[in-house]
Amino acid sequence: MDRIYMDNAATTGTDARVLEKMLPYFTAVYGNASSIHSFGREARKAVENARRQVAAAIGANPNEIYFTAGGSESDNFALKGAFDSRKGKGFHLITSAVEHHAILHTAEYLEKRGARVTYLPVDEFGRVSVGDVKNAIADDTRLISVMLANNEVGTLEPVKEIGKLTKERGILFHTDAVQAIGAVPVDVNEIGCDMLSLSGHKFHGPKGVGAIYIRSGVRLENLIHGGAQERGKRAGTENVPAIVGLGEAITLAVSEMPEISARIAKMRDRLIGEILRNIPETRLNGHPTERLPGNVNISFEGIEGEALLLSLDLQGIAGSSGSACTSGSLDPSHVLLAMGLRHETAHGSLRLSLGRDNTEEEVTKVLAALDVIVKRLRAMSPIWNCRRA
Ligand SMILES: *Cc1c(COP(=O)(O)O)cnc(C)c1O
């Protein structure tokens, strides 16, 4: 059975061209990038080349890029680093209710350490209001962290407006751009952010490697202490193969974005259009237009998201649901609840995240499978049948 992968927001496969660039750095070029001999210098050259690639992809200077072990570490570094270097005179953090857990759980941790945190609400489309950001700013506001694009519902946040505001007020601005790289244009100066997180495995790079952009002149306390790697800001022997892969992947992702995003958006619109038209009592979650090209998030009334996922999986179709089943709980998604969905509606949601390897033929197959599965699950659902009666 040919399987269909529509869970590209969770992770993507490493591009063969990326892997090819990485391979020599596992074997032939294994030097420690901090060593001064020729083995070390070869590795150093590769790391600095990747740093230039990452910088070029987001409009930064290479000396503003620090490699990390992924999006979660970059998010932790931004928040904890800002807190640890500024907590003296009170620390107010403004973030949104729809952030990734790498931000939300870090914010909760900082609350335990004495930070004051405002979790901004969002509208029915999952968007933060710039007016709310403005109103939340107080004398002790040190950091604002709002994501560029939401990983569950694909909504693009008004980061440029927030960037303008924070610049006027002299407040640090961090954005989690993990979902945005390779999907929409990302330029740190256009956004006006001071810090930005990105992660290799979300754009066909390897897992376990990411980067944080830190605007030149911004002080951040270290997250990981030890050796002097990454100009003293992030200790630990560099993961050279992964860093090489990150650099190559972001270069490819950004150069191929116009063509791929347009193709993916067409499939997204077809999926959304046909599901809403052909299956009754469905609704689109997230913004109708200001959304990632690959994100489809739909609620099906009377359906358990988990049951829908398992039925799709039996047919070789990989999607994801709004429930945080991975954390062992069946709590509905914090993002959908923040958007005002009822618990039952949030439970019956499905995310299909398209990637560059998806085809129109696969979209046709998924649409057909959904039609049959939703009818069958609803026929078995007591809630659905009560409501009908
Ligand atoms: C995946 C993701 C992360 C975490 O990145 P990892 O590299 O998996 O740690 C953070 N934020 C967003 C928005 C994500 O989608």
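Inside region 83-106, residues that are among the small types (Gly, Ala, Ser) and outside any helix (DSSP H, G or I) make up a count of 3. Could you grab the pairs with beta carbons closer than 6 Å, sequence gap of 6+ or different chains, first residue in region 67-92 and more than 15 Å from Gly208 (Cβ to Cβ), second one away from the ligand (no atom under 12 Å from the Cβ) and of a type in the set (Asp, Glu)? Going by the 6 Å Cβ cut-off, the qualifying pairs are Gly81/Glu221; Asp84/Glu221; Ser85/Glu221; Gly90/Asp140; His92/Asp140. The residues listed here are Ala28, Ala46; of these, the one that is out of contact with any strand residue (DSSP E or B) (no Cβ under 9 Å at 6 or more places or on another chain) and part of a helix (DSSP H, G or I) is Ala46.
Here is a yes/no grid of residues against (1) touching a Lys or Arg at 6+ places or on another chain (Cβ under 7 Å); (2) at pLDDT 95 or above; (3) within 16 Å of the ligand (Cβ to nearest atom):
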| site | (1), (2), (3) |
| --- | --- |
| Arg17 | no, yes, no |
| Lys21 | no, yes, no |
| Gly31 | no, yes, no |
| Ala69 | no, yes, yes |
| Gly88 | no, no, no |
| Ala102 | no, yes, yes |
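Would you point out the residue of region 319-350, among those that are hydroxyl-bearing (Ser, Thr, Tyr) and surrounded by fewer than 21 Cβ atoms within 10 Å (Cβ to Cβ), that is modelled with the highest pLDDT? The qualifying residue modelled with the highest pLDDT is Ser329. Among the numbered conditions (1) over 30 Å from Arg283 (Cβ atoms); (2) surrounded by 22 or more Cβ atoms within 10 Å (Cβ to Cβ); (3) touching a residue at least 60 places away in the same chain (Cβ under 8 Å), the only one that Val98 does not meet is (1). Only a single criterion out of (1) away from the ligand (no atom under 16 Å from the Cβ); (2) surrounded by fewer than 24 Cβ atoms within 10 Å (Cβ to Cβ) is not satisfied by Val240, namely (2).
Remark: Ala369 falls outside the filter, which requires a residue to be in contact with a helix residue (DSSP H, G or I) (Cβ under 9 Å, 6 or more places away or on another chain), under 30 Å from Ala97 (Cα atoms) and part of a helix (DSSP H, G or I). As for region 46-64, it holds no residue that is away from the ligand (no atom under 16 Å from the Cβ) and at pLDDT below 95.
Determine whether Ala107 is more than 16 Å from the ligand (Cβ to nearest atom) and either within 27 Å of Met339 (Cα to Cα) or at pLDDT 95 or above (or both). Against the criterion (more than 16 Å from the ligand (Cβ to nearest atom) and either within 27 Å of Met339 (Cα to Cα) or at pLDDT 95 or above (or both)), Ala107 does not qualify. Please determine whether any residue of region 126-146 is within 12 Å of the ligand (Cβ to nearest atom), among the polar types (S, T, N, Q) and under 29 Å from Gly88 (Cα atoms). The answer is yes; a qualifying residue exists.
Might you let me know whether region 72-82 holds any residue that is part of a helix (DSSP H, G or I), within 14 Å of the ligand (Cβ to nearest atom), aromatic (Phe, Trp, Tyr) and modelled with pLDDT of 95 or more? Yes: region 72-82 contains one or more residues that are part of a helix (DSSP H, G or I), within 14 Å of the ligand (Cβ to nearest atom), aromatic (Phe, Trp, Tyr) and modelled with pLDDT of 95 or more. Restricting the first member to region 306-318 and to residues that are surrounded by fewer than 18 Cβ atoms within 10 Å (Cβ to Cβ), and the second to residues that are of a type in the set (A, V, I, L, M, F, W, C) and modelled with pLDDT under 95, the beta-carbon pairs closer than 9 Å and six or more apart or on different chains are Glu306/Cys325; Glu306/Leu330; Ala307/Met380; Gln315/Met1; Gly316/Met1. Each residue in region 350-366 was checked for being assigned to a loop (DSSP other than H, G, I, E, B) and not hydrophobic (A, V, I, L, M, F, W, C), and 5 of them qualify. Can you spot a residue in region 203-214 that is more than 30 Å from Leu354 (Cβ to Cβ) and under 23 Å from the mean Cα position of the chain (by Cα)? Checked against the condition, which is being more than 30 Å from Leu354 (Cβ to Cβ) and under 23 Å from the mean Cα position of the chain (by Cα), region 203-214 yields at least one hit. Just one residue in the set Ala228, Ala249, Ala265 is surrounded by 16 or more Cβ atoms within 10 Å (Cβ to Cβ) and either within 16 Å of the ligand (Cβ to nearest atom) or over 22 Å from Ala10 (Cβ atoms) (or both); that residue is Ala249.
Residue-wise test of (1) in contact (Cβ under 8 Å) with a residue 40 or more places away in the chain; (2) touching a Cys at 6+ places or on another chain (Cβ under 8 Å); (3) part of a helix (DSSP H, G or I).
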site: Gly226; (1), (2), (3): no, no, no
site: Gly236; (1), (2), (3): no, no, no
site: Thr251; (1), (2), (3): yes, no, yes
site: Glu259; (1), (2), (3): no, no, yes
site: Ala262; (1), (2), (3): no, no, yes
site: Ala265; (1), (2), (3): no, no, yes
site: Glu274; (1), (2), (3): yes, no, yes
site: Pro280; (1), (2), (3): no, no, no
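Name every residue in region 170-181 that is touching a residue at least 40 places away in the same chain (Cβ under 8 Å) and away from the ligand (no atom under 12 Å from the Cβ), in order of residue number. Hit for region 170-181 is Leu172, nothing else. For first residues located in region 9-38 and under 20 Å from Arg231 (Cα atoms), partners that are among the aromatic types (Phe, Trp, Tyr) and modelled with pLDDT of 95 or more and lie 6+ apart or on another chain with Cβ distances below 6 Å form the pairs Gly31/Phe39. Can you name the residue in region 193-224 that is over 26 Å from Gly182 (Cβ atoms) and touching a residue at least 12 places away in the same chain (Cβ under 8 Å) and is also farthest from the ligand (Cβ to nearest atom) among such residues? Going through the qualifying residues, I end up with Arg219.
The values are calculated or read from the model by the stated rules, or taken from the named source; none is laboratory data. It should be emphasised that the depicted structure is a prediction, and the values quoted were computed from it without experimental measurement. Reconstructed Cβ throughout: ideal geometry from the backbone, glycine too, with neighbour counts over all protein chains shown.
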